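A quick write-up on the structure given underneath.
The values are calculated or read from the model by the stated rules, or taken from the named source; none is laboratory data. Since this is a predicted model, take the numbers as computed values, not measurements. Neighbour counts run over all protein chains shown; Cβ positions are idealised from the backbone, glycine included. Remember, those area values only see protein heavy atoms, side chains included, never the ligands or the DNA or RNA. Shrake-Rupley method; radii C 1.70, N 1.55, O 1.52, S 1.80 Å.
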Amino acid sequence: MRGRNKPWADAFIQEHENLILKDKYWNDQKETFLEIGMGKGDFILQSCQYFPEVFHIGVEVNKSIFALAMKKIVNTGEFVNLRLLNVDAVYLNDSILDHSIDKIFLNFSDPWPKKRHAKRRLVAPSYLNIYEKLLKNNGQIVFKTDNLALFEYGLQSFKEKNYAIHALDYDYQTLKGDFLTEYEVRFRNLKQPIYRCVVTISKEE
């Protein structure tokens, strides 16, 4: 997802740097959710409010969109259970402690439809290697998209990694404790099927 440059973004982010995750450290006694590609923050804001006991980390690579999400969060109120990262997902192992995440959410990621761009998809094997380091044993990836080709590519990547697929839906209807992104609202209004799966990653001891 691309957004127009926001000339105020740098100053706003600096002003609210208390929301930035720093030094790979937080209260790691808490259950922790990570959303990669949080967009304008609708999903993670709702999740923070619904699960106040869970620590949340929101990641967005586009600085302008990141600033829009941060502004929405600031306008909503203070969240002690939320920190943000404006980084590319390839650098997440530099920013987040290993084996500290319970669930990773991939919501309506860029499908990168051209074959030569497959390695940029957030469900490509190289990204899954990153997630494996972040997740606790039996941690989960929750993958949701409107793009069938991306969904099937993700399923193949998960199978090649021998992840346990225990939720698979080609016409997903929202469950309690799940939340809509701005994209999901748009696609549902257009009667577009939503594809969702949940996989568990078990590490050998």
Check: Which whole-number value in Å² is the accessible area per residue of region 104-196, probe 1.4 Å?
Finding: 53 Å²
Check: From the phi of every residue in region 90-98, what ³J(HN,Hα) in whole Hz does the Karplus formula 6.51 cos²θ - 1.76 cosθ + 1.60 yield, where θ is phi - 60° and glycine or proline is x?
Finding: 5, 9, 5, 5, 7, 10, 10, 4, 4
Note to self: Rounded to the nearest 5, what % of DSSP beta bridges with both residues in the chain are antiparallel?
What the structure shows: 40 percent
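Checking the table Lys6/Lys40; Lys6/Lys72; Lys63/Lys191; Lys103/Lys191; Lys24/Lys136 against a 20 Å threshold on Cα-Cα, which pairs fail?
Lys63/Lys191; Lys103/Lys191
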Margin query: Given a 1.4 angstrom probe, I'd like the percentage of the accessible area of the chain that is carbon and sulfur, rounded to a whole number.
Written below: 48 percent
Margin query: Residue by residue through region 38-47, what is 3J(HN,Hα) from phi via Karplus (6.51 cos²θ - 1.76 cosθ + 1.60, θ = phi - 60°)? Round to whole Hz and write x for glycine and proline.
Written below: 7, x, 8, x, 4, 5, 5, 4, 5, 5
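In terms of solvent-accessible area of protein heavy atoms at a 1.4 angstrom probe, what is the ranking of Tyr91, Tyr183, Tyr127, highest value first?
Working: Tyr91 130, Tyr183 60, Tyr127 25 Å².
If we order Tyr91, Tyr183, Tyr127 from most to least accessible, we get Tyr91, Tyr183, Tyr127.
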Next item on the list: Just report the Cα centroid separation between region 120-192 and region 58-118, whole Å.
Entry: 15 Å
Next item on the list: For an R0 of 41 angstrom, estimate the FRET efficiency from the Cβ-Cβ distance between Glu31 and His117 and round to the nearest 0.05.
Entry: 0.75
Next item on the list: Would you please give the residues with an amide H less than 5 Å from that of Lys6, counting only those at least 5 places away or on a separate chain, with H modeled from the backbone geometry?
Entry: Ser64
Note to self: Taking a virtual spin label 7 Å from the Cα of Lys72 along the C-beta vector, which residues in region 147-187 bring their backbone nitrogen under 14 Å of it?
What the structure shows: 179-187
Next item on the list: Return the long-range amide H neighbours of Met38 (sequence gap of 5 or more, or a different chain), with a cut-off of under 5 Å between placed amide H atoms.
Entry: Val59, Glu60
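Whole-Å semi-axes of the chain's equivalent ellipsoid, largest first, each the root of 5 times a Cα gyration tensor eigenvalue? Before the final figure, lay out the partial values.
Details: eigenvalues 123, 84, 58 Å².
In descending order, the three semi-axes are 25, 21, 17 Å.
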Checklist line | Which of Val59, Leu21, Leu34, positive extreme of dipole for region 1-105 (C-beta unit charges) | finding: Val59
Checklist line | Accessible area (Å², 1.4 Å probe, nearest 10) - Tyr153 | finding: 60 Å²
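Show me the GluC sites (Glu not before Pro) within region 1-92 that DSSP assigns to loop and that have at most 12 other Cβ atoms within 10 Å of their Cβ. Each step should come with its number before you reach the end.
Details: sites: Glu15, Glu17, Glu31, Glu35, Glu53, Glu60, Glu78; in loops: Glu31, Glu53, Glu60, Glu78.
The qualifying sites are Glu53, Glu78.
Would you mind finding the longest exposed-site-free stretch of the chain, with exposed trypsin sites (Lys or Arg not before Pro) meaning DSSP loop and at most 16 other Cβ atoms within 10 Å?
Numbers: sites that count: Arg2, Arg4, Lys22, Lys24, Lys30, Lys114, Lys161, Lys176, Lys191, Lys203.
That gives 31-113 as the longest site-free run.
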Next item on the list: Please express the shape of region 47-129 as an equivalent ellipsoid: the semi-axes are the square roots of 5 times the eigenvalues of the C-alpha gyration tensor, given largest first in whole angstrom.
Entry: 25, 16, 12
Notebook entry, point to check: How much mean residue ellipticity at 222 nm does the chain get from its helices, if each DSSP H run of length 4 or more adds -39500 (n - 2.57) and you divide by all residues, to the nearest 500 deg cm²/dmol?
Noted result: -9000 deg cm²/dmol
Check: Where the only charges are on Cβ atoms (+1 Lys, Arg; -1 Asp, Glu), what is the dipole of the chain about its Cα centre, to the nearest 20 debye?
Finding: 820 debye
